[in-house]
């Protein structure tokens, strides 16, 4: 029996990996969001799809997810990882600047939507308590689907992206009070409302304070300690520990796990390890989110939709319409542009994953019956299934707005789009270049793989980050697509060559300057496509010649002019002696 259960677990894991490896790339090639592919795959493979047929055809059991509960627990970590990365993209200062949207627009959306839906539910015959709980459950939106949609469409930095994120963030903050409300109306609640508030909100406040204090005091030293091992495996383990550990601490404090992970990311956003953590956690976030979407798809019952299409689709459409109109009106009231308001209304109009949690709690507490709960969860799932189509519709509202931010200056996107210089390596050479860039007021960002160098530079107020710049995804995080120039100054010749190759593949047009060990190494770097290679031996010789000539009385102007002429002569010789005169096999063997 135990072996059968293990095989069942492996089978469902294999089905998910097949979905991630086949279905998602197929939808990507079709230029359709992979989210839709995951949702449809979950519907097809779930207990209401092929899973309902395996009794008649037992061989179908190997191609179906018969018990979605086995993946639901793991799938929930997808939302946790998503909110953690969102926290990394922000900072406490940016949240302070967004407070008008978070605690203004977000609060107004939850309150007004809940009141409107409560009135509608009571008009349909529900008791006041049940109507209020159902309305609160339907007032939340899907963070797990909307945020990836905005990231995929490069709209997260635009007004619609920041406003949507602000509303979703407040909804996560509202988790604890909403759960208190469900418990207060449950038939089995033996305590008064005051006791419930104390038992729920006090641990939540204590847990929130503990997360912030722990993050402020321990996270930076912890990652510095792990980074000194120079082990990618240990660094990955540390990232997962922080994400899951903070999420579980938040859950134990009656907060949502996603909110706890978001706070951890928010605190790490100001550290030098931010970009390396983003790159490390990204694959896990993608897979876990895919698993989450599959689990949502398994909860959609096509038979129930076919049996009651008017009710299910009517509730889903009515929910999108009511929430959308309220969101549009509130957004306009907060002076957001009408295009951004309309797009946000389409994205946040459908239901969200927390609605499943609240409806389940209401069912367990006897507030709603099973028939109503099943109808509502199916309607919410159907509305979520429509989010990709609504996102495409929203993007059509103003095609020219794609990729453009029309937000006020105080709500600037997390990553600046300004052209800046990227320094790879911040040792003696890199630090001197950084000082010169500062002197000429040229913005730059520096990367180094030595945590001690990074910590020292950060203490001096320099924009230096820990990470491996040889990886394409890390360079993208640093803004290589909009960089004014990339300067590679590391000690290791092989490391410099790897970064040069990666950078040139990502940006064939960028100015790329690299430090060379000697003339022969400069040949190789020119072969790889650098704009300029600066050999240490030649540059040191030129500086020695300059000092000698000045010290023996040659006029400074003549010396500087001759040094510049000689430097240009060497540059032309080295550039001309690159690829055409060096056999490919020799170049590869040297790089090895």
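The values are calculated or read from the model by the stated rules, or taken from the named source; none is laboratory data. Predicted model, so just to flag it, every value in this text is computed and none were measured. Methodologically, a virtual Cβ is constructed for each residue, glycine included, from the backbone with ideal geometry; neighbour enumeration extends over all protein chains shown.
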>> So, residue 102, is that one within 20 Å of the chain's Cα centre (by Cα) and at pLDDT 75 or above or not?
In response: yes
> Is there a residue being in the same structural domain as residue 89 (by TED's automatic domain parsing), touching a strand residue (DSSP E or B) at 6+ places or on another chain (Cβ under 6 Å) and surrounded by 17 or more Cβ atoms within 10 Å (Cβ to Cβ) anywhere in region 231-246?
Replying inline: no
>> Take residue 189 and tell me if it is at pLDDT below 85 and either under 25 Å from the mean Cα position of the chain (by Cα) or surrounded by fewer than 19 Cβ atoms within 10 Å (Cβ to Cβ) (or both).
In response: yes
>> Given the criteria outside the structural domain of residue 34 (by TED's automatic domain parsing), under 19 Å from residue 130 (Cα atoms) and buried (at least 21 other Cβ atoms within 10 Å of the Cβ), does residue 358 qualify?
In response: yes
> Is there any pair linking a residue in region 85-107 that is in a helix (DSSP H, G or I) to one that is surrounded by 16 or more Cβ atoms within 10 Å (Cβ to Cβ) and at pLDDT below 70, with Cβ under 7 Å and at least six apart or on different chains, and which?
Replying inline: 97/411
>> Being modelled with pLDDT under 80, within 15 Å of residue 355 (Cα to Cα) and under 23 Å from the mean Cα position of the chain (by Cα) narrows it down to one residue among 173, 145, 151; which is it?
In response: 173
> Can you tell which of 220, 275 is part of a helix (DSSP H, G or I), under 22 Å from residue 478 (Cβ atoms) and touching a strand residue (DSSP E or B) at 6+ places or on another chain (Cβ under 8 Å)?
Replying inline: 275
>> Could you check region 344-357 and list, in sequence order, the residues that are modelled with pLDDT under 90 and in a helix (DSSP H, G or I)?
In response: 353, 354, 355, 356, 357
